[in-house]
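The values are calculated or read from the model by the stated rules, or taken from the named source; none is laboratory data. Bear in mind the structure is a predicted one, so any value in this text is a computation, not a measurement. Cβ placement follows ideal geometry from the backbone for every residue including glycine, while neighbour counts extend to all protein chains displayed. Side chains are part of the model used for accessible areas, which takes the heavy atoms of the whole protein and leaves out ligands, DNA and RNA. Shrake-Rupley method; radii C 1.70, N 1.55, O 1.52, S 1.80 Å.
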Amino acid sequence: MTEMNELRQAMSDLDEDTVLRIVHGIAANGGGGVAQAMEACQNGMKDVGDRFEAGEYYLGDLLFASEVMTGALEVIKPFLGAGLTGGKGKLILCTVHGDIHDIGKNIVKSMLEAAGFEVVDLGIDVAPEVILGAAKSEGIKIVALSGVLTLALDSMKAVVDSFIGAGVRDNVKIIIGGNPVTEEACKVIGADGWAHSPQKGVDICLGWAATSA
Ligand code: B12
């Protein structure tokens with residue numbers, strides 16, 4: 001088995017010791033292969049989700065999986081998006097109303113910060129009016145929304161609608177991300193961009209920051 005397959009399997013099996021041993025090894029070697037390690041961990045989390053759906057894992061297992069993933073992330077975080085410079089401006093990031101999943105959001109946050117953005121992290125289960133209020137008071141030009149549950153798509157639409165309702169839709173670019181997001185969903189929601197991969201999301205935001213500078 002390759003090391004990345006072993007990492008995916010260990011995440012899937014909730015074998016914390018093996019997960020940490022492998023990611024610490026990557027960090028000790030200067031962070032080479034960190035993107036592959038992230039992907040392996042994420043695939044392992046998908047396996048955890050499948051095993052939860054199949055009735056093999058319970059809610060407590062999902063919680064433990066999130067602890068293992070967060071622990072792995074802490075170790076590899078310094079190597080994500082290394083080498084980029086700051087000064088790209090402020091943006092809002094949060095998990096939308098009704099959704100409390102934040103592991104993906106936190107990965108995106110690390111990568112946005114590494115790319116030079118100042119991230120105003122509003123947390124999880126955030127109501128549209130809170131996002132709108134923060135965008136107005138902080139003079140925000142980019143809003144990044146995360147959601148993992150299917151119902152998050154409705155909440156994302158509610159955010160876009162609240163900006164339209166307040167007459168300030170043109171003041172911001174809105175990007176949506178997370179598993180249920182698709183090109184089609186992006187159109188229906190009325191967002192300006194979407195991505196599954198955090199790196200693609202960062203690239204989109206960098207493009208927006210460059211044109212609004
Ligand atoms: C860990 C986990 C939990 C933990 C979350 C802990 C935490 N602090 O986040 C806990 C135990 C709390 C939990 C609870 C629930 N969960 Co849950 N959970 C998971 C699990 C196993 C992993 C999610 C995860 O962290 N993945 C790893 C991260 C790194 O990936 P990610 O979130 O997709 O993020 C990546 C990308 O999507 C992207 N991304 C994310 N956001 C953004 C934003 C932008 C702007 C961009 C560009 C990119 C981007 O970048 C990230 C990094 O690559 C998934 C299984 C799965 N297949 O995802 C189920 C899953 C998401 N959960 C599910 C369910 C049903 C629930 C519960 C309803 C269970 C229950 N019966 O109570 C509750 C919901 C609570 C709520 N209201 O939100 C379902 C969702 C089904 C659906 N389609 O709606 C899943 C898919 C499991 C399943 N197969 O049934 N869960």
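Tally up the carbon and sulfur contribution to the accessible surface of the stretch 81-213 as a whole percent, 1.4 Å probe, everything protein left in place.
Carbon with sulfur: 56 percent of the solvent-accessible area.
Give me the one-decimal nm value for the distance between modelled label points at A28 and K187, 7 Å along each residue's Cα-to-Cβ direction.
With each label point 7 Å from Cα toward Cβ, the separation is 5.1 nm.
Please list M111, M1 from largest to smallest accessible area, probe radius 1.4 Å, with all protein chains kept in place.
M1, M111
Take a quick pass over the stretch 1-140 and tell me how many lysine pairs come in under 16 angstrom between Cα atoms, counting only ones 8 or more apart or on separate chains.
So the count of such lysine pairs works out to 6.
Cut-off 10 angstrom, C-alpha nodes, Gaussian network model of the chain. Which of G139, G201, G147 fluctuates the most?
G139
Which listed residue (V172, S146, A134) has the Cα farthest towards the positive end of the charge dipole for the stretch 134-175, taking +1 on Lys and Arg C-beta and -1 on Asp and Glu C-beta about the Cα centre?
Farthest towards the positive pole: V172.
Just to confirm, what accessible area per residue do you get for the chain at 1.4 Å probe, in whole Å²?
49
In nm, to one decimal, how far is the E118 label point from the L151 one, both placed 7 Å along Cα→Cβ?
Result: 3.5 nm between the two label points.
So what's the chain giving for Rg/Rh, alpha carbon basis, Kirkwood Rh from the mean inverse pair distance?
On the Cα set of the chain, Rg over Rh gives 0.99.
Report the residue, chosen from I107, I164, I174, that carries the largest GNM mean-square fluctuation when the chain is represented by alpha-carbon nodes joined by springs under 10 Å.
Comparing I107, I164, I174 in the GNM, the peak value goes to I164.
DSSP loop (so not H, G, I, E, B), at most 12 other Cβ within 10 Å: list which GluC sites (Glu not before Pro) in the stretch 14-122 pass both filters.
E56
Would you mind checking the tilt of helix 34-53 against the longest principal axis of the Cα atoms of the chain, expressed as 0 to 90 degrees and rounded to 10?
90
To the nearest 20 debye, what charge dipole does the stretch 40-111 have about its Cα centre, counting +1 at the Cβ of each Lys and Arg and -1 at the Cβ of each Asp and Glu?
580
Can you give me the Cα centroid spacing of the stretch 172-206 and the stretch 1-73 in angstrom?
What the calculation gives is 25 Å, centre to centre.
Let me spell out the model: positive unit charges on the Cβ of Lys and Arg, negative unit charges on the Cβ of Asp and Glu, origin at the Cα centre of the chain. What dipole size does that give, in debye rounded to 20?
For the chain, the charge dipole is close to 960 debye.
Would you please name the chymotrypsin sites (Phe, Trp or Tyr not before Pro) within the stretch 35-66 that are DSSP coil residues with at most 11 other C-beta atoms within 10 Å of their C-beta?
Taking the stretch 35-66 and a limit of 11 other Cβ atoms within 10 Å, the loop chymotrypsin sites (Phe, Trp or Tyr not before Pro) found are Y58.
Can you give the helix-only mean residue ellipticity at 222 nm for the chain, where every DSSP H stretch with n ≥ 4 adds -39500 (n - 2.57) and the sum goes over all residues, rounded to the nearest 500 deg cm²/dmol?
About -18000 deg cm²/dmol.
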